[in-house]
1. Want the number for Ile80 to Ser7: 0.36 nm per residue separation, take away the alpha-carbon distance, what's left?
2. Rolling a 1.4 angstrom probe over the protein heavy atoms, how many square angstrom per residue are accessible across region 67-121?
Amino acid sequence: MKETSISQIILNLFISYMHENKEAILLFRTIIPLKKIATQKVGGGNVPHDVPHSVPHDVPQGRDELIEFIKAQVRLNNKITRQAIAEGVGVSVKTIQRTLKEIDNLKYVGSGNSGHWELNE
């Protein structure tokens, strides 16, 4: 004789009940233990402690250091892209674009790939 679990028995009873009472309305009640959830610490022991080691460590911390870093990169390669500068310093391209607007003696001459940076010192 085949063994039947309690969940299978309940499921079979449910299916047979639904066949007999097609207009029946079923209500489901879910109990969530809010006190237990609300008192748990956020980010407990499951927070990863292995921070990536590929993050640049000598990143300019202030706005002036960032400006000097950008100028140094342009001196080394006047065709450098904003993306390459951002990756080199570890910030977003948007941050580089905002900082470039602050550098009065630096401008991009030309358009697209055929252009280059000019730094008037």
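1. On the way: separation 73, 0.36 × 73 = 26.28 nm, distance 6.57 nm.
Once the chain is fully extended between Ile80 and Ser7, it gains 19.7 nm.
2. Numbers: 3440 Å² over 55 residues.
Solvent-accessible surface per residue comes out at 63 Å².
The values are calculated or read from the model by the stated rules, or taken from the named source; none is laboratory data. This is a predicted model, so every value here is computed, not measured. Protein only, heavy atoms only, side chains kept; ligands, DNA and RNA dropped before computing areas. Shrake-Rupley method; radii C 1.70, N 1.55, O 1.52, S 1.80 Å.
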